[in-house]
Every structure is written in C-alpha cells, then in structure tokens.
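Trainee: Right, I'll just put the structure down here and ask away after.
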Amino acid sequence: MTLFVGLGNPGSKYEDTRHNIGFKVIDALVHDLGARDISKSTFYGELYRTSSALFLKPTTFMNLSGKSVLPVKQFFKVDTEDIIVIHDDIDLPFGAVRFKRGGGHGGHNGLKSIDAAIGKEYLRVRVGVDKPERKSQVADYVLHDFTPEEMADIPALIAHVVEACKALTKHDLDAVRSTYTLKSIKTLRP
C-alpha cells in the first residue's frame, strides 16, 4: 500500500498559499481516483483510500505533520519507502518539479516533523514555489497566496504532479524522474 501525504495547513485562510500545494495535489488525486473518506480523529488528518493507496492531508498544521503521518503509517503498516510526501519547496523556481528519496529537510518544518516521526527514507515530490528576496521573509512568504499570474498556472502544475504521483505507483523512481521532472511549468504551455 502506498501512502501519499500532501503537506499544508488546514482552513480556508491558507487554501491558496504556497505552503498548501501538497493539499491541492491530494484533493486532485482523491477526486481523480474516487478515493473514499476514512478519516478518524486518531489520524490527525483527512484520510482517503482506494484499494491500493492512502491519501493524507494532516490537519495538525505544517510544523506537526509527523504527528499525523506516524499513526497512519503504523495503523496501515506502511513501509517508510512506500510513503510519498508532496510539498512546497522554496529552493526550486515556481512550477519546477523534482523527486528525491531521503536527504535533508532544507529547513522545511513539515519535513522536519515527518523526519523526526518516521525517519528520512520516504520519497519526496518537491514542487517549486520560488523564494523571497531575503531569508527573513520565508515564513511570511510561504503563508501568502500565489500571485494571480502563478494561480493561472496552478491547474496545469497540479495536473502534472497528479500524473507523476500515479506513475510513482507503477514505475521506478528513475523512470518517473526522467518523464516528470520539470524546470518550470512554463515548459508545459502550448
């Protein structure tokens, strides 16, 4: 069983923020695959299921994402290697998509929390959201909405990441990487 985890913050206030790109991908996967809601309070998140995969949106707020991932992992006996975390990445330009297994958290508090709860050997789908001019602005930047120009590209970006996630359940990481890595969402424009 594969566990997809989309990182974000709960509530309409955060819906269109850079930090919530993972939630948007999970919503699209759940819709596309017709996953059913199996949420329980013990999972600290919204949890959906198909016959072969689980889809989790932690409702703990970003900095405590591991508190939601751990009980789902344990309850469904999911191996760490079968967990795929979709998250925003300020070290990539807006609309870039990269894939990585393990490694550091790069200062991302959601990843830091998951690392502490389950270790680092899960797969990451890194979605570029660009970064502010100064490091001191990062916390504020990721909690702000995408610009109108960026919002115009979000549907195509989410659709691309959804297809990549589906491919990750059928193909090895190198094959997915060679097909779905993006330098910029603009490369998908007609």
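None of the figures in this text is laboratory data; all of them are computed from the coordinates on show. Owing to the predicted nature of the structure, the values given are computational and were not obtained by experimental measurement. Virtual Cβ from ideal backbone geometry, glycine too; neighbours counted across all protein chains shown.
Trainee: Which residue is farthest from residue 122 (Cα to Cα), if the candidates are limited to segment 76-91 and must be part of a loop (DSSP other than H, G, I, E, B) and over 14 Å from the mean Cα position of the chain (by Cα)? Write out each step before concluding.
Mentor: The initial filter retains those residues of segment 76-91 that are part of a loop (DSSP other than H, G, I, E, B), namely 76-79, 90-91.
Filter once more, so that each one left must be over 14 Å from the mean Cα position of the chain (by Cα): 76-79, 91.
Working: 76: 16, 77: 14, 78: 11, 79: 9, 91: 19 Å.
So, considering only residues that are part of a loop (DSSP other than H, G, I, E, B) and over 14 Å from the mean Cα position of the chain (by Cα), the one farthest from residue 122 (Cα to Cα) is 91.
Trainee: Looking at segment 150-190, which of its residues are within 18 Å of residue 54 (Cα to Cα), outside any helix (DSSP H, G or I) and in contact (Cβ under 8 Å) with a residue 12 or more places away in the chain?
Mentor: Listed by number, the list holds a single entry, 169.
Trainee: Quick one: in segment 68-109, which of the residues that are touching a helix residue (DSSP H, G or I) at 6+ places or on another chain (Cβ under 7 Å) and among the basic types (Lys, Arg) is surrounded by the most Cβ atoms within 10 Å (Cβ to Cβ)?
Mentor: Only one residue fits best here, namely 73.
Trainee: Of all residues in segment 113-129 being of a type outside the set (Ser, Thr, Tyr) and within 14 Å of the chain's Cα centre (by Cα), which is farthest from residue 9 (Cα to Cα)?
Mentor: Out of the qualifying residues, it is 123.
Trainee: One residue is enough: does segment 134-144 have a residue meeting the conditions among the hydroxyl-bearing types (Ser, Thr, Tyr) and assigned to a helix (DSSP H, G or I)?
Mentor: Initially, segment 134-144 is screened for residues among the hydroxyl-bearing types (Ser, Thr, Tyr), giving 136, 141.
Remaining after also requiring assigned to a helix (DSSP H, G or I): 136, 141.
Within segment 134-144, one or more residues are among the hydroxyl-bearing types (Ser, Thr, Tyr) and assigned to a helix (DSSP H, G or I).
Trainee: Just to be sure before I move on: is residue 90 in contact (Cβ under 8 Å) with a residue 40 or more places away in the chain and more than 18 Å from residue 166 (Cα to Cα) in the structure I sent? Talk me through it step by step, then tell me what you get.
Mentor: Details: in contact (Cβ under 8 Å) with a residue 40 or more places away in the chain: yes; more than 18 Å from residue 166 (Cα to Cα): yes.
So residue 90 fits the description; yes.
Trainee: Another one. Would you mention how many residues in segment 113-139 are over 20 Å from residue 24 (Cβ atoms) and charged (D, E, K, R)?
Mentor: The total comes to 6.
Trainee: Just to be sure I understand, how many residues within segment 1-52 are part of a loop (DSSP other than H, G, I, E, B), over 13 Å from the mean Cα position of the chain (by Cα) and within 22 Å of residue 159 (Cβ to Cβ)?
Mentor: We begin by selecting, within segment 1-52, every residue part of a loop (DSSP other than H, G, I, E, B); these are 1, 7-11, 15-16, 34-35, 38-40, 44, 50-52.
Those still in the list that are over 13 Å from the mean Cα position of the chain (by Cα) too: 1, 10-11, 15-16, 34-35, 38-40, 44, 50-52.
Narrowing further to those that are within 22 Å of residue 159 (Cβ to Cβ): 15-16, 34-35, 50, 52.
Looking only at that region, the number is 6.
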